[in-house]
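Heads up: the structure comes next, in structure tokens.
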Amino acid sequence: MKLRFRGLVALIAALSLVLAACGGDSEETATTGATGSDTTTTEDMGDGDSGGELTGEVRLDGSSTVGPLSEVAAELYMAQQPGVRVTVAISGTGGGFQKFCIGETDANNSSRPISDEEIEICTENGIGFDFIQAANDALSVVVSADLPVECMTVAQVNQIWGAGSTVLTWGDVDGLDLPEDVASQPLTPYGPGSDSGTFDYFTEEINGEVGNIRNDYIDIGEDDLAAVRAIEGDPYATGYIPFSYYQEAGDAVKALAIDDGNGCVEATPENVSNLSYTPLGRGLFVYFSDSALARPEVLDFAEFYIDNAEEIAELAEFVPMTADQIEEQRAKIAALVGG
Amino acid sequence: MTAGSTEPRTKRVALATSGARAATLAALQSSSQRDKVVHTVFISMMLIALGLALLGLVSLIVFMAIEGGPRLQWELLTGVPSTISPETAGFRTAILGTLYVIGGVVLLIVPLGVGAAIYLEEYADSTKWWNRLIELNIQNLAGVPSIVFGILGLAFIVRGPISIGFVAAAGSLTLALLVLPTVILAGREAIRAVPPSITDGSLALGATRWQTIKGQVLPAALPGILTGIILAVARAIGEAAPLLLVGAVTFVTFNPKFFADGYSTLPVMIFQYANRPQEEFRILAAAGVIVMLVLVLLMNSLAVWLRDRFERRW
Amino acid sequence: MLDTPMAASSAGADVRRSLEAASPRYGEKAIKVFLFACAAISVAVTVAIVISLFVPTFSFFQEVSIVEFFTGTLWAPAFSNASFGVLPIVVGTAIVVVISLGVAIPIGLLSSIYLSEYAPAGVRRVIKPALEVLAGIPTVAIGLFAFWFMRPLAESLLPFLTWQGPFSIGVAAVAVGLLIVPVITSVSDDAMRAVPMSLREGAFALGASKFEVSTKIVFPAAISGIVAAVVLAGSRAVGETMVVLIAAGAGNPRLTFDPTKGVQTMTSFIAGRATGDIATGTIVYDTIFAVGALLFISTLVLNMIAIRFVRRFREVYE
């Protein structure tokens, strides 16, 4: 008897939990729209079917940098089209392309252009694709706010980070002209692991080859903020992180201006947007497969992404594209819709 | 018997006894002082050790409660993940995902685990090499790291021969294989504890092997088997590593389905939230940990209650 | 009728015949086959694990020399000047095992001696479930606790050590130690309780103190079970993934023995690489399987050793 009573209570408790959960479904749309300033953005939404009749699914995977951007896009899109299930996974740009090129996903979030090897795999599996640019991004080289260095040339960054680097103290870097007490301090480099698109991009742009990097830097893995915390703890540390993380970081760290031959260019949203912050400015892309774009909900989602690119980038705290870039993407989508 | 000859013998015995007693007392008493010191030191060492273990447990719970405290509201359970507004994000899809995945795990491990345990204890001839191989195999599988099961899941279940894709069922299957040895070993212990007299009596009355198992052994072994299942489920609920490899997707705002793409579970989502930079996500992750801890406590209490309630003394 | 032996025995034969089953009971056979299949699935699982690990490992070793793999001290498979010496992550795993056992053995054994020999029944009824709760805590939670709380605490308590960055394998290993205490206590407790009371009583009767009985009689008698407990705990420490993934970070390609730094272990490497950026089918991706195979073999060996010891203690007393 006792067992049955308790079992009944447990059953009822479980059922009510499930019911409450299912009941939460209808409130979900309201919740997304009801948070502070987001209310206006949901209502301001640009084109894209606001009728809400589409159904189906859109599966995205890929970069951990672009992921949050796509997640924002997915949230906003599903508020308008609750019948479409959009999922965003994070397997890394390369891991994502792997799945993309064998047809396991509809779209790949990518912090770098697709590589030749990956194109080969896609062709082998009969996957045609196209891509849109979703936002701009940059890598910032960060140091402590107290360090008396404001700008570095690409050559100097390469000297610090390249494979076979012999830079152990700040004084070892050519041409920095530091006071003696700073020059004698050990330079401790922090960077993401080789699994990261950020790693790929940085090594290629600064050291000339993907994976070309000194082998004694401290690997912070997936946690880009770890570099910031490290620098907060050690004023002579340095690292490179995505720009969006630098913006979150606060006053203890500063991003160096980079001189790519045209003078020192500061790492600001404007310089990233107007493409003067080279070579560490980059575009963030979403690759869609042709077979996926043939489905109305995927095409609609791609369209939505471009039409609302500015709001999405702002909400996700990324650097939005310039007006010209957006026009370019709009034309691309129009061609896809038309063709 | 002459009275005269017993008197000296009794006296001799009495003398010998008192001598022995004196010697024993002397031996015992001489070390009693040192004994007390050693005893006290030892007891304090043990209590410190136990205390450290319990301190670790308690400080973890308290720390998570403090960190996650601000987000302990009902929205935590009913809200969906949101990158835009982490203040209202919740774990609903992850909780449902966990329920689905664990539901699948239970559906698999009960028949397979209990079946295997029954076979090994009741039917298997342990001199046959294949039965010994199976036994050894199960004991080894119990110790294989969970990430290896993740690799297995990715290669065989998601892709490979079974190829069902990154769906909740794949997660269930992977976790079921992971915890199956636990269920089998616990089931074997429970069945072994049933006295042979019960089995023999049933067989003697003409019941078949299976009738005996169904009618006598299983009911008697049930609490032990149930405890094993509950402990296996508790372990499966907390596993994240293998699911990372079989696609427990981060961002899912709709309710999962068993064979549809897109699911997440509570520990995986906690892990993903903890990796985000914003402070609100860290609080959310800690709050999620509290939800998990409550779940674990509930399951463990259920197991203890079951054990107490149904424990039979032979 | 039964007055002659012949008549009696033939009547007995009739009774005997009627006790035999009327039909060959195919149902029973079917059940036995089904149950055998349930048990045999475990063999299928092991075969599947072996195939999924060793086939890519084989192709991995076509490209990378085994000698370099096992003796190299630089683990940088994804760098442009790739290096495949696995020792750094093996040492990482070893550091975790050594430190975690160093924490868990004293705590675990002392606790189990207390629970088995000294604790009053009421205390035991409360503490045992508490330790089971510790065993059930999700490893994600323990990893986050180590990363958010234990590491900063360690740095503030021991500021003179060479901390660097937010990760530390030593701290992660202590957390793993806490995690494996229940493994040691439950198995040792079983082993010690299996020691017959008669041994203890005999010793008490001879005037031994409780301390002497616990340490000189029960402990040595249960030693195989205790060794099994330690080995099982070690195996668990080798296979632990989430705690080291979160709290020990990824270190750097060089070999180091320094526990204050972040260092990668075999398990965190697999988890990181498999969820990361590298394309499948490349040698870099195949490192997952090579390291996975190494991990599988290590835990297999440890478990075989533990099983040997468990069998010994079971045989003696059951």
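What follows is calculated from the coordinates using simple rules that are stated; it is not laboratory data. Given the structure is predicted, the values throughout are model-derived calculations rather than measurements. Cβ: placed from backbone, ideal geometry, glycine included. Neighbour counts: every protein chain shown.
Figures for the structure shown
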{"quantity": "Order of A:Asp234, B:Asp308 under a 10 Å beta carbon neighbour criterion, fewest first", "calculated": "B:Asp308, A:Asp234"}
{"quantity": "0 to 90° range, to nearest 10: angle between helix B:129-141 axis and chain B longest Cα axis", "calculated": "70"}
{"quantity": "Shielding by other protein chains, A:200-212, mean Cβ within 10 Å", "calculated": "2"}
{"quantity": "Per-peptide average of other Cβ atoms within 10 Å, ordering B:151-162, B:37-48, A:301-312, A:154-165 highest first", "calculated": "A:301-312, B:151-162, A:154-165, B:37-48"}
{"quantity": "Under the Debye formula (equal points on every Cα, no solvent term), log10 I(q)/I(0) of segment B:245-301 at q = 0.13, 0.26, 0.28 Å⁻¹", "calculated": "-0.40, -1.04, -1.07"}
{"quantity": "Candidate lysines - alpha carbon under 25 Å from A:Lys99, same-chain residues fewer than 8 apart omitted", "calculated": "A:Lys332, B:Lys257"}
{"quantity": "Sparse-neighbourhood loop sites, GluC sites (Glu not before Pro) in segment B:212-314 - DSSP loop, at most 12 other Cβ within 10 angstrom", "calculated": "B:Glu311"}
{"quantity": "Translational D in µm²/s for chain B (Stokes-Einstein at 20 °C, 1.002 mPa s, Kirkwood Rh from C-alpha pairs)", "calculated": "89"}
{"quantity": "Radius 15 Å from Cβ of C:Pro88, net charge of other residues (Lys, Arg +1; Asp, Glu -1)", "calculated": "-1"}
{"quantity": "GNM flexibility winner over chain C from C:Gly143, C:Gly292, C:Gly272 (Cα, springs under 10 Å)", "calculated": "C:Gly272"}
{"quantity": "Helix B:279-310 axis, angle to chain B major axis (alpha carbon atoms, nearest 10°)", "calculated": "40"}
{"quantity": "Sites C:Asp258 and B:Gln278 - FRET efficiency at Förster radius 30 Å, r taken between beta-carbons, to 0.05", "calculated": "0.40"}
{"quantity": "Rule-of-thumb Rg ratio for segment B:182-291 [Cα; 2.2 N^0.38 Å; N residues]", "calculated": "1.67"}
{"quantity": "Straight-distance crosslink candidates among aspartates and glutamates, where the alpha carbon sits under 16 Å from A:Lys254 and sequence neighbours closer than 8 are dropped", "calculated": "A:Asp146, A:Glu150, A:Asp224, A:Glu232, A:Asp234, A:Glu266"}
{"quantity": "Burial ranking of peptide ranges A:121-129, C:199-207, A:197-205 (average Cβ count within 10 Å, highest at the top)", "calculated": "A:197-205, A:121-129, C:199-207"}
{"quantity": "Share, in percent, of DSSP beta bridges within the protein assembly as shown that are antiparallel, nearest 5", "calculated": "65"}
{"quantity": "Kirkwood-based Rg to Rh ratio, segment A:245-339, C-alpha trace", "calculated": "1.07"}
{"quantity": "Choice from C:Val230, C:Val45, C:Val195 showing the highest fluctuation, given a GNM over chain C with Cα pairs closer than 10 Å", "calculated": "C:Val45"}
{"quantity": "Segment B:252-314: trypsin sites (Lys or Arg not before Pro) in DSSP coil with no more than 13 other Cβ atoms inside 10 Å", "calculated": "B:Arg312, B:Arg313"}
{"quantity": "222 nm mean residue ellipticity, helices alone, for chain B (DSSP H n ≥ 4; -39,500 (n - 2.57); rounded to 500)", "calculated": "-24000 deg cm²/dmol"}
{"quantity": "GNM top mover of C:Leu158, C:Leu179, C:Leu74 - chain C, alpha-carbon springs below 10 Å", "calculated": "C:Leu158"}
{"quantity": "C-alpha center-to-center spacing [segment A:291-326, segment B:229-299] in angstrom", "calculated": "29"}
{"quantity": "Surrounding net charge for A:Asn212, when Lys and Arg each add one and Asp and Glu each subtract one, Cβ distance under 13 Å", "calculated": "-3"}
{"quantity": "Sorted by Cβ density within 10 Å, fewest first, the residues C:Ile113, C:Ile283, B:Ile164", "calculated": "B:Ile164, C:Ile283, C:Ile113"}
{"quantity": "Per-residue average of Cβ from other chains inside 10 Å of C:252-262", "calculated": "2"}
{"quantity": "Neighbour-count order for B:Val62, C:Val243, C:Val98, fewest beta carbons within 10 angstrom listed first", "calculated": "B:Val62, C:Val98, C:Val243"}
{"quantity": "Aspartates and glutamates whose Cα lies under 15 Å from that of C:Lys216, excluding same-chain neighbours fewer than 8 positions away", "calculated": "B:Asp35, C:Glu117, C:Glu201"}
{"quantity": "Unit charges at the beta carbon, dipole of the protein assembly as shown: most positive-side option, C:Ala274, A:Val228, B:Ala220", "calculated": "B:Ala220"}
{"quantity": "Average beta carbon contacts from partner chains per residue of C:211-223, 10 Å cutoff", "calculated": "1"}
{"quantity": "Only Lys, Arg (+1) and Asp, Glu (-1) charged, at Cβ; the protein assembly as shown dipole about Cα centre in debye", "calculated": "8600"}
{"quantity": "Kirkwood Rh in Å, taken over segment B:24-104 so that all alpha-carbon pairs contribute", "calculated": "17.7"}
{"quantity": "C-alpha center-to-center spacing [segment A:69-130, segment A:148-193] in angstrom", "calculated": "38"}
{"quantity": "Debye intensity ratio in log₁₀ form over the Cα atoms of segment B:112-172, taken at each q of 0.16, 0.17, 0.20, 0.28 Å⁻¹", "calculated": "-0.70, -0.75, -0.86, -1.04"}
{"quantity": "Between 0 and 90°, nearest 10: helix B:218-238 axis offset from chain B longest Cα axis", "calculated": "50"}
{"quantity": "Shape category assigned to chain C from the gyration tensor of Cα positions, a/c cut at 1.5", "calculated": "oblate"}
{"quantity": "For C:Gly72, residues with placed amide H under 5 Å, excluding near neighbours", "calculated": "C:Val86, C:Leu87"}
